[in-house]
Amino acid sequence: MNWAVQWEGVSKYYYSGLGRWRRVTAVQDVTLSVPYGVIFGLLGPNRAGKTTLLKLLLSLTPPSAGRIYRLGYPIQNIQTLSRVGYMHENHAFPNYLTASEILYLYGGLTGLSGPHLRRRVEEELERVGLADRRNEPLRTFSKGMIQRLGLAQALLAEPDLLVLDEPMEGLDLLGRQLLRQVVVQMRQQGKTVVIVSHTLTEMEQLCDQVAVLMAGRIVYNGTMEELLKSNKHTDRVSLEKALMDIYDQRIAV
């Protein structure tokens, strides 16, 4: 099978302390494969290693051990990054720029130009409901509007792989509905979406496959349906309960 994303025996260590003598393990021996055309969720408590896995996937930091493949190529092939859209949890857009200026800036960095770039900017502004605010500086935007703009930026280059870090944060009901529509459309087009989120109900509704990280290790990898049935109860339990059972089992070990 061709995989959209693969982590094979991946570990990441950081060194801290005076003289950098203390080794901190962010992720340990992680092996995950994400097929094309699915919505994949990455769950886990704070400091579990979720953001580290995303940084490794996006070539923002190198692995200490193991191999990573992005869209069928080793992550050292940075040309594949032009086929990846990334929506960061905390956007650092310059607040003196307008919405359209932000998209022109990031579109140019992605390699878009000319009429194609102008068309894509207008399409995405319209798609996320910011067309009427295109010429207003970002300092006048709410957090939800910034989130919408971040989604537009991630979609500009029509990526084959969309990576979303806590995408529901700050979005109102209409914004959440918009995001769900975008994610489902990408899956229908055979593209892949990777979501990191603590909004468990959204993950339950959207994800085909999930992995749960704890203390840098994979403690569950499978379908959402299997996760919901993964404890001793015979009736259907909430995702929160299933996750807490997994955490409790891990802590007990």
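Details
- Spin-label model, Asp172 to Arg23: label points 7 Å out along the Cα-to-beta-carbon direction sit 5.1 nm apart.
- Antiparallel bridge percentage (DSSP; both residues within the chain; nearest 5): 60 percent
- Computed over the chain: relative contact order in percent, which uses C-alpha pairs under 8 Å that are six or more apart: 25 percent
- Relative contact order of region 1-123: 24 percent, from C-alpha pairs under 8 Å at least 6 residues apart in sequence.
- Taking Cα atoms only, the orientation of helix 114-127 departs from the longest principal axis of the chain by about 70 degrees.
- Here the alpha carbons of region 116-214 define both size measures, Rg and Dmax, at 13.9, 44 Å.
- Charge-dipole axis of the chain as Lys and Arg at +1 and Asp and Glu at -1 on Cβ define it, positive-most pick from Val121, Gly19, Leu81: Gly19
- On the principal axes of its alpha carbon atoms, region 3-252 extends 56, 51, 35 Å, with the longest extent given first.
- Lysine pair count for region 3-252 with Cα-Cα distance under 18 Å and sequence separation of 8 or more or different chains is 4.
- Annotation: peptides 134-142, 25-33, 146-154, ranked by per-residue average of other Cβ atoms within 10 Å with the highest first, follow the order 146-154, 25-33, 134-142.
- Segment Leu60-Thr223, length gained on full extension (0.36 nm per residue, minus Cα span): 55.9 nm
- Degrees between helix 99-110 axis and first principal axis of the chain (Cα, 0 to 90, nearest 10): 70 degrees
- Model label points for Tyr15 and Glu123, set 7 angstrom from Cα along the Cα-to-Cβ axis, are 4.7 nm apart.
- Cα centre as origin, Lys/Arg/Asp/Glu Cβ charges: the chain dipole, Debye: 700 debye
Any read-out appearing in this document is the output of simple, stated calculations on the displayed coordinates, not a laboratory observation. Source: prediction; values computed, not measured. Backbone-built Cβ (ideal geometry, glycine too); neighbour counts: all protein chains shown.
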